[in-house]
Amino acid sequence: MDSPEQTPRGPMPVDAAEEIILRWDSTASEDGREKMIFQSDRDEIDRYLSAVDELHRSMSSVSLSEGGGGGGGGGGGGEQEDKVSSTVQIAMARLEDEFRNILLSHTSPLEADSLTTESCSSVHSSISSADGAEVDLYVDDDSTPKALDLSSNEVGGESSRKSNSSISYRSTSSIREIDLVPSEAIYDLRCIAERMISCGYMRECVQVYGSVRKSAVDASFRRLGFEKLSIGDIQRLEWEALETKIRRWIRAAKACIRVLFASEKKLCEEIFYGIGTKIEDACFMETVKGPALQLFNFAEAISISRRSPEKLFKILDLHDALMDLIPDIDVVFQCKSAESIRVQAAEILSRLGEAARGILSEFENAVLREPSQVPVPGGTIHPLTRYVMNYISLISDYKPTLSELIVSKPSTGSRYSGDPTIPDMEFAEFEGKSALALHLIWIIVILQFNLEGKSKHYRDDSLAHLFMMNNVHYIVQKVKGSPELREMIGDDYLRKMTGKLRQAATSYQRATWVRVLYCLRDEGLHVSGSFSSGVSKNALRDRFKAFNAMFEEVHRTQATWLVPDTQLREELRISISEKLIPAYRSFLGRFRSHIESGRHPENYIKYSVEDLETAVLDFFEGYPVSQHLRRRSQ
């Protein structure tokens, strides 16, 4: 160990050194009680340090000479040594007070602005916005956020403000160190530390440093709004409360690792580096270990908490934030005594990844087993469909992270398994797809499987087909609307879903309109061998009456059904009109004269072509028609 930094003065007699020390003895001197040496002029400071150096040299020379001179000095040497030793103790007590006073005079909690770090690009999207506004997965959703910045209320490095005139900033990659203590004060602290340690008072020096700086770190930690909670406390909190705390943790973790802890490490090195064996490491860990453990215990509690689908995105945010911080943690906590911190951070990161995989698996099972059996009114989009598709759209926003975490294929059914409760999915159809893409496709497969089961609870086959059409259309549109999701799902499977949409539309048309249009056929109306016009008026009247009754029932019922997508609703109406209107116009053109030549034709030809065209516009609006079908003009 190097000797303490010497003041630029010549040798000082031991008696003079003792006099200087005793003059500043707070137990015997008024000046010593009322003043601080390091608040005096520089000459007085240097004289005191020189006096300490002289006494230290004197003690060392006495120790070296012991046993080497045959004891010729008698008892006087022992008395002198005791006197010097006692004076050194007084000096050490004084330097300890001075050390504490300098630290305290330059110690104040850092302002929140000085603790903020630059936004982290790896923390991308979230189910919750930074200001706490939640994204509702059940709501439709062109406005669903795709990349909410969790760090939106942070101040970038360029715009950060100094909390006081003594603070300056130096950036090294993502770490931004703050000068916590002015350089003049650091010089004085180092001078004191060198002398205390060289005189054997290292423990006292480290304890004083640790107690003062630990209080400052704790105060800055509290400024970040981070509460002191045990793992048990955290696991007992409701998830809604935890979501807010996770957002706060991400900001706090960046500030602590990259600014607060990094700056404390720098201060320790500036004061203690080279004085003793890794003293700076011991001081650093004494200062930050408590807040560091508290910080990582929170993330650990989240990583081992009960898994549920709504937690996935916050866990991924936590994972991404910690992943981004790992290189900085390795730098800030690189000393051997901090190995447990590095290990804990790596283990938490691993557990967060495992939690994300487990949640995705549980989500798949929940979609497959979702038990609701009450049909949604009007055959509209099922809440499950909205939830699942919004959920996987958000999953696709986390593609970079999840592509690394999800490496195994989903556990699916097979056409050979014979299990009717699990749909089939053959991986050979999706060769070249990533494991994450296969999971997303599997989620859509099991969603459709579940929806098909729910459609069977409708008593009206037409409504069951409309329900499937609405839901498959929603799935298709959500995939098309997300470039990331569409890329992973692939156009081949998108075409397959579009085919299911057309199939559902065709099935609806057949279930509803085949029987209606059957009334407008010619078969059964002509009478063979009659002297009449060859048309049975009774049969014709029955046909018109049957058509009117069926159309009125379809109109009354299907006006209350709902197709929420405007374009799909319009396309469906056009498709109905393209079949219904030409058939009715042709039938009316062929047989109107036979009815109008008889009695009360208005009882049979109740509607004009225009009436039907208008009536079709009432379909799929989701509410009852307010009046009867408008009768044709007489």
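Filtered by the rule that a residue be in contact with an Asp or Glu (Cβ under 9 Å, 6 or more places away or on another chain) and either open to solvent by 80 Å² or more (accessible area, probe 1.4 Å) or not in a helix (DSSP H, G or I) (or both), the stretch 580-603 gives a lone residue, R590.
Scanning the stretch 546-554 finds one or more residues that are open to solvent by 50 Å² or more (accessible area, probe 1.4 Å), in contact (Cβ under 8 Å) with a residue 60 or more places away in the chain and within 54 Å of the chain's Cα centre (by Cα).
For T421, are the conditions met, namely being surrounded by fewer than 19 Cβ atoms within 10 Å (Cβ to Cβ) and of a type in the set (S, T, N, Q)? Judged against the criteria, T421 is a match.
Out of the stretch 468-524, which residues are farther than 30 Å from E553 by Cβ, among the small types (G, A, S) and either in contact (Cβ under 8 Å) with a residue 24 or more places away in the chain or open to solvent by 30 Å² or more (accessible area, probe 1.4 Å) (or both)? Of everything in the stretch 468-524, those that are farther than 30 Å from E553 by Cβ, among the small types (G, A, S) and either in contact (Cβ under 8 Å) with a residue 24 or more places away in the chain or open to solvent by 30 Å² or more (accessible area, probe 1.4 Å) (or both) turn out to be G481, S482, G490.
Please indicate, with yes or no, whether at least one residue in the stretch 196-211 is in contact with a His (Cβ under 7 Å, 6 or more places away or on another chain), in a loop (DSSP other than H, G, I, E, B) and farther than 23 Å from L110 by Cβ. Yes - at least one qualifying residue is present in the stretch 196-211. Of L517, L485, L494, L501, all but one fail to be more than 24 Å from E570 (Cβ to Cβ) and assigned to a helix (DSSP H, G or I); the exception is L485.
If the condition is being farther than 28 Å from I381 by Cβ and touching a residue at least 12 places away in the same chain (Cβ under 8 Å), then the stretch 555-582 contributes only I581.
Scanning the stretch 233-259 for residues that are without any contact (Cβ under 8 Å) to a residue 24 or more places away in the chain and either in contact with a Leu (Cβ under 9 Å, 6 or more places away or on another chain) or not charged (D, E, K, R) (or both), we see that the one that is nearest to D317 (Cα to Cα) is A241. Screening S26, S86 for residues that are in contact with a Gly (Cβ under 6 Å, 6 or more places away or on another chain) and either at pLDDT below 90 or open to solvent by less than 70 Å² (accessible area, probe 1.4 Å) (or both) leaves exactly one candidate, S26. Evaluation of I574 against the conditions (1) open to solvent by 60 Å² or more (accessible area, probe 1.4 Å); (2) touching an Asp or Glu at 6+ places or on another chain (Cβ under 7 Å) shows that the sole unmet condition is (2).
Return a yes/no flag: does the stretch 234-244 have any residue that is open to solvent by 40 Å² or more (accessible area, probe 1.4 Å), of a type outside the set (K, R) and farther than 30 Å from S361 by Cα. Scanning the stretch 234-244, I find no residue that is open to solvent by 40 Å² or more (accessible area, probe 1.4 Å), of a type outside the set (K, R) and farther than 30 Å from S361 by Cα, so the answer is no. Please specify each residue of the stretch 37-52 satisfying the condition of being small (G, A, S) and free of Cβ contacts under 8 Å to residues at least 40 places away in the same chain. Residue satisfying the conditions is S40 alone. Name every residue in the stretch 21-49 that is aliphatic (A, V, I, L, M) and over 58 Å from the mean Cα position of the chain (by Cα), in order of residue number. Across the stretch 21-49, the qualifying residues are I21, L22, A28. Candidates are the residues of the stretch 272-302 that are open to solvent by less than 40 Å² (accessible area, probe 1.4 Å) and not in a helix (DSSP H, G or I); the one that is farthest from V343 (Cα to Cα) is I275.
The values are calculated or read from the model by the stated rules, or taken from the named source; none is laboratory data. This structure is a prediction, so every number in the text was calculated from the model and none was measured. For neighbour counting, all protein chains shown are included, and Cβ atoms are generated from backbone atoms with ideal geometry for every residue, glycine included. Ligands, DNA and RNA are stripped out before the accessible areas are found, and what is left, the full protein with its side chains, is counted by its heavy atoms. Shrake-Rupley method; radii C 1.70, N 1.55, O 1.52, S 1.80 Å.
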